[in-house]
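Below is one structure, written out as structure tokens; comments come after it.
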Amino acid sequence: MAFKPNYNQQRAERNRAKEQKKQEKLQRREEEVAARRAAGLPPDLDSEVGDADKLADDAPGQTDTETTGNG
């Protein structure tokens, strides 16, 4: 005869796996920051493409209205 599903145990296992994944990601990001600091790069710049595109779009000191000409 099969056992009844133990939903609390399954949920706790999912939460443990989620927390472990979160901790691994945090540790990996901290290691990347430490590597950038050791290389002399500023710690606030990420290596992700999305952030680099945002930085390249706007010139320093300009607001959205100055770049688009609206308003």
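Values in this text are rule-based calculations from the coordinates and carry no lab data. In this text the structure is predicted, and so the values were computed from the model without any measurement. Methodologically, a virtual Cβ is constructed for each residue, glycine included, from the backbone with ideal geometry; neighbour enumeration extends over all protein chains shown.
Some observations on this one:
- Neighbours of Arg11 by Cβ distance under 13 Å: Lys/Arg scored +1, Asp/Glu scored -1, total +1.
- Among 13-22, 28-37, sorting by the average number of other beta carbon atoms lying within 10 angstrom of each residue, highest first, gives 28-37, 13-22.
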